[in-house]
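J.: Structure provided below as structure tokens; questions to follow.
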Amino acid sequence: MSDLSLTDRLHALQQAIHAAAADKPVQLVAVSKTQPVAAIAALLAAGQLDFGENYVQELIGKHAELPAPPAQRWHLIGPLQSNKATLISPYLHWVHSVDRAKIVPLLASAREPQQHPLQVLIQVNLDDEGSKSGVNPEVEPILALGALITAQPTLSWRGLMTIPKAQTDEGAARAALARMRRLFESVRKHADIDTLSMGMSGDYLSAIEEGATMVRVGSALFGARG
Ligand SMILES: *Cc1c(COP(=O)(O)O)cnc(C)c1O
């Protein structure tokens with residue numbers, strides 16, 4: 001795929017997001033897992049700064065290959081192992097997958113004091129799927145974990161993230177997104193958060209219509225992953 005078609009797809013995606021968002025701000029995270037550094041560089045040149053990666057080693061490798069000073073803002077969107085938290089923390093602007101107390105002090109202590117606070121989202125297991133990481137979709141456990149994040153000066157709790165269960169039925173998929181939005185609003189009554197990360201290539205438009213403020217789009221931008 002040529003750089004031209006990649007930037008064309010970025011512009012089309014930006015326009016689609018803008019139209020679905022009406023006047024609300026919605027942030028696009030370009031999910032670059034398995035994609036070459038050249039593709040990231042082309043998008044950076046086109047003004048896309050937020051990139052999502054699932055794997056710690058892949059993110060660090062790409063970081064090393066991109067020119068310094070880094071313009072990109074890395075988002076870790078994949079499951080986070082405790083033994084990798086300290087290693088990855090200094091590279092990140094955002095982490096979307098915090099789902100347990102143990103990880104919080106590990107992420108916090110690895111930040112340099114002169115760095116901006118790491119922006120943290122709590123991952124919610126919306127459909128209570130055993131195979132998926134995430135906090136139960138209830139206000140109390142989310143607030144408890146959020147309080148631990150807020151207590152760390154090097155972290156900033158910004159909101160929630162979810163990966164809804166794959167649904168073939170559009171109505172059921174919409175209902176799940178709306179359920180997440182209501183949970184987000186309930187948590188917001190008690191916490192100063194503003195970010196709801198939901199929506200991928202298959203559902204980002206409905207996710208935005210249902211209240212997402214951040215979408216994570218991979219294959220619809222880069223093409224199918226190899
Ligand atoms: C891979 C991935 C995405 C992007 O998926 P696409 O369907 O390619 O857009 C978004 N969020 C998470 C957590 C992912 O693992």
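The values are calculated or read from the model by the stated rules, or taken from the named source; none is laboratory data. Predicted model, so just to flag it, every value in this text is computed and none were measured. Backbone-built Cβ (ideal geometry, glycine too); neighbour counts: all protein chains shown. Remember, those area values only see protein heavy atoms, side chains included, never the ligands or the DNA or RNA. Shrake-Rupley method; radii C 1.70, N 1.55, O 1.52, S 1.80 Å.
J.: Under the definition of Cα pairs under 8 Å and six or more residues apart, what whole-number percent is the relative contact order of the range 1-88?
T.: Dividing the mean separation by the residue count of the range 1-88 yields 27 percent.
J.: By how many nm would the segment from Ser82 to Gln15 lengthen if fully extended, with 0.36 nm per residue of separation less the alpha-carbon distance?
T.: Gain in length upon complete extension: 20.3 nm.
J.: Before anything else, pin down the relative contact order of the range 78-129: Cα pairs under 8 Å, at least 6 apart, normalised by residue count, whole percent.
T.: After rounding, I find 42 percent.
J.: Let me make sure I get this right: for the range 154-226, a, b and c are the square roots of the gyration tensor eigenvalues over alpha carbons, sorted descending. Under 1.5 in a/c it's rounded, otherwise prolate if a/b > b/c, else oblate. Which is it?
T.: oblate
J.: How much length is gained on full extension from His116 to Ser5, taking 0.36 nm per residue of separation minus their Cα-Cα distance?
T.: Contour length minus Cα-Cα distance gives 36.5 nm.
J.: What number comes out for the charge environment of Pro117, summing +1 per Lys or Arg and -1 per Asp or Glu over other residues with Cβ under 10 Å away?
T.: Within the 10 Å Cβ shell, the charges total +2.
J.: OK, next. Separation between the Ala172 and Ser156 pseudo-spin-labels, each 7 Å from Cα along Cα→Cβ, expressed in nm?
T.: 3.9 nm
J.: Continuing with the same structure: Note down the net charge around Glu53, summing +1 for each Lys or Arg and -1 for each Asp or Glu among other residues with Cβ under 15 Å from its Cβ.
T.: +3
J.: Using Stokes-Einstein with the Kirkwood hydrodynamic radius over Cα pairs, what translational diffusion coefficient do you get for the chain at 4 °C and a viscosity of 1.567 mPa s, in µm²/s rounded to a whole number?
T.: In µm²/s, the coefficient rounds to 73.
J.: Hey, what did the chain get for relative contact order, percent, Cα under 8 Å, at least 6 apart?
T.: About 20 percent, as a whole number.
J.: Multiplying the sequence separation of Ser201 and Glu140 by 0.36 nm and subtracting their Cα-Cα distance, what value in nm do you get?
T.: Full-extension gain reported as 18.9 nm.
J.: Roll a 1.4 Å probe over the protein chains and send me the accessible area per residue for the range 113-211 in Å².
T.: On a per-residue basis, the range 113-211 sits at 48 Å².
J.: Would you count, across the range 15-160, every pair of lysines whose alpha carbons are under 20 angstrom apart, provided the pair is eight or more residues apart or spans two chains?
T.: Count of close lysine pairs: 7.
J.: Follow-up question, since we're still on this one. Please list, in order along the range 180-195, the HN-Hα scalar couplings obtained from phi with the Karplus expression 6.51 cos²θ - 1.76 cosθ + 1.60 (θ = phi - 60°), rounded to whole Hz, x for Gly and Pro.
T.: 5, 4, 5, 4, 4, 5, 5, 5, 4, 5, 10, 8, 8, 10, 9, 10
J.: Residue by residue, what Karplus-based ³J(HN,Hα) values in Hz, rounded to whole numbers, does the range 127-137 have, using 6.51, -1.76 and 1.60 with θ = phi - 60° and x for Gly and Pro?
T.: 9, 6, 7, x, 6, 10, 7, x, 6, 4, x
J.: Shifting gears a bit: With runs of 4+ DSSP H residues as the only contributors, calculate the mean residue ellipticity of the chain at 222 nm using -39,500 (n - 2.57) per run, divided by the residue total and rounded to the nearest 500.
T.: Result for the chain: -12000 deg cm²/dmol, rounded to the nearest 500.
J.: Using only the heavy atoms of the protein chains and a 1.4 Å probe, how would Thr7, Thr86 rank by accessible area, largest first?
T.: Thr86, Thr7
J.: Tell me, what is a quarter of the convex hull surface for the C-alpha atoms of the range 59-173, in nm² with one decimal?
T.: For the range 59-173, averaging the hull's shadow over all directions gives 8.6 nm².
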